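Taken together, the values in this text are just the output of simple stated rules run on the coordinates, not laboratory data. What you are looking at is a predicted structure, and each value in this text was computed from that prediction instead of being measured. Here Cβ is always computed from backbone atoms with ideal geometry, including for glycine, and neighbour counts include all displayed protein chains.
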């Protein structure tokens, strides 16, 4: 069936529309930790932070920024790491809030 004809095809209540008419499924927002890990190819402080956390075997995957901040405290992270974490949090919030 050509796409134009599919758009005119009525959909009855309780029936499933053809795939080309179905609404796209929204993907859930990533967790802060997942997003941060994915930034490993970036340059700058966020990229460096992402590379560091990828090598931390105790880093909490799929965690909120509060859980990540707690891990930084437990690991004895320095002020530069916390500053980069704040930059990452602001960027994440701009993208996903």
Cα Rg, Dmax (largest Cα-Cα span) when computed across segment 32-96, Å: 10.4, 28
Net lengthening on full extension, residue 55/residue 74 (0.36 nm per residue, minus Cα-Cα): 5.3 nm
Paramagnetic reach from residue 48 in segment 81-97 [backbone N under 20 Å; point 7 Å along Cα→Cβ]: 81-92
